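Comments concern the structure below.
The values are calculated or read from the model by the stated rules, or taken from the named source; none is laboratory data. Just so it is clear, the model here is predicted, and its values are computed rather than measured. For neighbour counting, all protein chains shown are included, and Cβ atoms are generated from backbone atoms with ideal geometry for every residue, glycine included. For the accessible areas, the whole protein counts, side chains as well, though only heavy atoms, and no ligand, DNA or RNA atoms are used. Shrake-Rupley method; radii C 1.70, N 1.55, O 1.52, S 1.80 Å.
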Amino acid sequence: MIDLNGKVAVVFGLANKRSIAWGIAQKLSEAGATLAICYQNERLKRDADELAGSLASAKTFQCDLSVDAEIETLFATLKETYGKLNILVHAVAFAPADEIKNDFIFTSREGFRIAHDVSSYTLIAVSRGAMPLMTEGGSIMTLTYYGSTKVFPNYNVMGLAKASLEACVRYLAASLGSKNIRVNAISAGPIKTLAARGIGDFTKILDAVTERAPLHRNIDQLEVGNAALFLASDLSSGITGEITYVDAGYNITGL
Ligand SMILES: NC(=O)c1ccc[n+]([C@@H]2O[C@H](COP(=O)([O-])OP(=O)(O)OC[C@H]3O[C@@H](n4cnc5c(N)ncnc54)[C@H](O)[C@@H]3O)[C@@H](O)[C@H]2O)c1
């Protein structure tokens, strides 16, 4: 059994009960971790408070990761509240609606910038914020998708942002390794969440997984949570800079 008693985890990206962040938060909490759950803005506060309230030891914090000052304030607050951090979960991504609707050739400069800023750069920003608090070493993880590597309909600029995010995981792993801070990504199969709703023909992607993945089914948030629990724990102490697929095996198939 994995025991995270005495460990403090900060989780970014909770929007509602369908969020992957929520699947992960539940698993970390079951294992005994103290949780700082972050939501993006006032609009999401009620859901975040309600969900966090159902966990043994969780507080909520507001932080828009596209604003440097909010990140700075958040980590100062986390330092004051907990004194240290052991685990950081980054489950945050965004691209403007047009960019994941229009043909890829019409990707705008601004849409490209925003997608990369929110979906990739923010991992660097929060890792830097967490670094001085990870005094006992730490485990940082993010969520990516196979669209970084292969072309999926409508995923468009988000595929580029995920490719950047995966490279970011490797560079951060190299940068933070000497502090015994590990950095990994989970590449989740498609799950119907708020973010996924923005991607046209998402059901087709889900159906392709059922048909072609070795396990012939889709995965859920709690299965991602289980992999996150492993990456958060000492059981994965020798693993850093890796992309772990939780996708029912879909990525190994050719046809
Ligand atoms: N759902 C899928 O099929 C799937 C598959 C693979 C990877 N992912 C990734 O998982 C992660 C979580 O997404 P999800 O599917 O749970 O959807 P979600 O909509 O529940 O979560 C996305 C979160 O990103 C947050 N966010 C966006 N911009 C932000 C900002 N500026 N500051 C702070 N937070 C911000 C949103 O508030 C939301 O909580 C994303 O990185 C997504 O790309 C999702």
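Looking at (1) within 19 Å of residue 190 (Cβ to Cβ); (2) among the aliphatic types (A, V, I, L, M); (3) open to solvent by 20 Å² or more (accessible area, probe 1.4 Å); (4) touching a residue at least 24 places away in the same chain (Cβ under 8 Å), find the lone condition where residue 151 falls short.
(4)
Please name all residue pairs, on different chains or six or more residues apart, with Cβ atoms under 6 Å, provided the first residue is in region 101-119 and is more than 16 Å from residue 147 (Cα to Cα) and the second residue is hydroxyl-bearing (Ser, Thr, Tyr).
118/66
Could you list, in sequence order, the residues of region 76-102 that are part of a helix (DSSP H, G or I) and away from the ligand (no atom under 14 Å from the Cβ)?
Of region 76-102, the ones part of a helix (DSSP H, G or I) are 76-82, 97-100.
If the condition is that a residue be part of a helix (DSSP H, G or I) and away from the ligand (no atom under 14 Å from the Cβ), then 76, 77, 78, 79, 80, 81, 82, 98 are the ones that fit.
Of the residues 58, 48, 36, which single one is buried (at least 18 other Cβ atoms within 10 Å of the Cβ) and either touching a residue at least 60 places away in the same chain (Cβ under 8 Å) or in contact with a Lys or Arg (Cβ under 8 Å, 6 or more places away or on another chain) (or both)? It would help to see each step written out before you state the result.
On the way: 58 fails: either touching a residue at least 60 places away in the same chain (Cβ under 8 Å) or in contact with a Lys or Arg (Cβ under 8 Å, 6 or more places away or on another chain) (or both); 48 fails: either touching a residue at least 60 places away in the same chain (Cβ under 8 Å) or in contact with a Lys or Arg (Cβ under 8 Å, 6 or more places away or on another chain) (or both).
Going through 58, 48, 36 in turn, the sole match is 36.
Considering region 10-33 alone, what residues qualify as being buried (at least 24 other Cβ atoms within 10 Å of the Cβ) and more than 16 Å from the ligand (Cβ to nearest atom)?
The one that is buried (at least 24 other Cβ atoms within 10 Å of the Cβ) and more than 16 Å from the ligand (Cβ to nearest atom): 33.
Does residue 105 meet the test of being of a type in the set (Val, Ile, Thr) and either open to solvent by 30 Å² or more (accessible area, probe 1.4 Å) or closer than 23 Å to residue 26 by Cα (or both)? If you could, list the steps in order and put the result at the bottom.
Details: of a type in the set (Val, Ile, Thr): yes; either open to solvent by 30 Å² or more (accessible area, probe 1.4 Å) or closer than 23 Å to residue 26 by Cα (or both): yes.
Yes: the conditions hold for residue 105.
Of the residues 163, 227, 130, 167, which single one is small (Gly, Ala, Ser), open to solvent by less than 10 Å² (accessible area, probe 1.4 Å), more than 10 Å from the ligand (Cβ to nearest atom) and at pLDDT 95 or above?
After applying the criteria, what remains is 130.
Restricting to region 174-195, name every residue that is among the hydrophobic types (A, V, I, L, M, F, W, C) and more than 16 Å from the chain's Cα centre (by Cα). Don't jump to the end; show me each part of the working.
Our first condition is that a residue be among the hydrophobic types (A, V, I, L, M, F, W, C); within region 174-195, this holds for 174, 176, 181, 183, 185-186, 188, 191, 194-195.
Once the filter is applied, which keeps residues that are among the hydrophobic types (A, V, I, L, M, F, W, C) and more than 16 Å from the chain's Cα centre (by Cα), region 174-195 yields 174, 176, 181.
Any idea which residue in region 174-190 is nearest to the ligand (Cβ to nearest atom), counting only those that are of a type in the set (A, V, I, L, M) and open to solvent by less than 20 Å² (accessible area, probe 1.4 Å)?
Only one residue fits best here, namely 188.
When you look at residue 95, is it within 19 Å of residue 166 (Cβ to Cβ), surrounded by 18 or more Cβ atoms within 10 Å (Cβ to Cβ) and in contact with a Phe, Trp or Tyr (Cβ under 8 Å, 6 or more places away or on another chain), yes or no?
In short, no.
When you scan region 63-72, do you find a residue that is under 22 Å from residue 224 (Cα atoms) and surrounded by fewer than 21 Cβ atoms within 10 Å (Cβ to Cβ), even just one?
As a first pass, look at region 63-72 and keep what is under 22 Å from residue 224 (Cα atoms): none.
No: region 63-72 contains no residue that is under 22 Å from residue 224 (Cα atoms) and surrounded by fewer than 21 Cβ atoms within 10 Å (Cβ to Cβ).
Quick one: in region 230-254, which of the residues that are more than 19 Å from the chain's Cα centre (by Cα) and of a type in the set (Ser, Thr, Tyr) is most open to solvent (accessible area, probe 1.4 Å)?
Selected residue: 237.
In region 50-75, what residues are within 14 Å of the ligand (Cβ to nearest atom), outside any helix (DSSP H, G or I) and small (Gly, Ala, Ser)?
66
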